[in-house]
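Below is one structure, written out as structure tokens; the observations come after it.
Values in this text are rule-based calculations from the coordinates and carry no lab data. Owing to the predicted nature of the structure, the values given are computational and were not obtained by experimental measurement. Note: ideal-geometry Cβ built from the backbone for every residue, glycine included; neighbour counts use all protein chains shown.
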Amino acid sequence: MSFESLKARIAMFMDEATSTPHDGHELLERLQEELAGLRGMGMPVPDDLAALEKSLAATMARRPARPKPPTES
């Protein structure tokens with residue numbers, strides 16, 4: 001995946017995260033996946049996103065994960 005593609009995916013993630021409420025654990029997981037893509041390519045992670053990841057991880061460590069709702073078959 002190209003760097004520009006990853007930047008676009010992270011921008012879309014940030015837009016979605018700020019406009020719709022989500023479970024914090026899910027947001028952290030998705031953010032970590034996107035940042036892992038940057039790290040995997042040897043690209044620097046922007047300071048603000050690294051700080052967000054750290055802050056969200058600390059917050060979520062203090063909260064139990066909500067169980068996912070059952071899916072319909």
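Miscellaneous remarks
- Each label point was placed 7 Å from the Cα along the Cα-to-Cβ direction; for residue 36 and residue 3 their separation is 2.2 nm.
- 14 Å beta-carbon shell around residue 55, net charge (K/R +1, D/E -1): 0
- Where labels lie 7 Å past Cα in the beta-carbon direction, separation of residue 23 and residue 11 in nm: 3.0 nm
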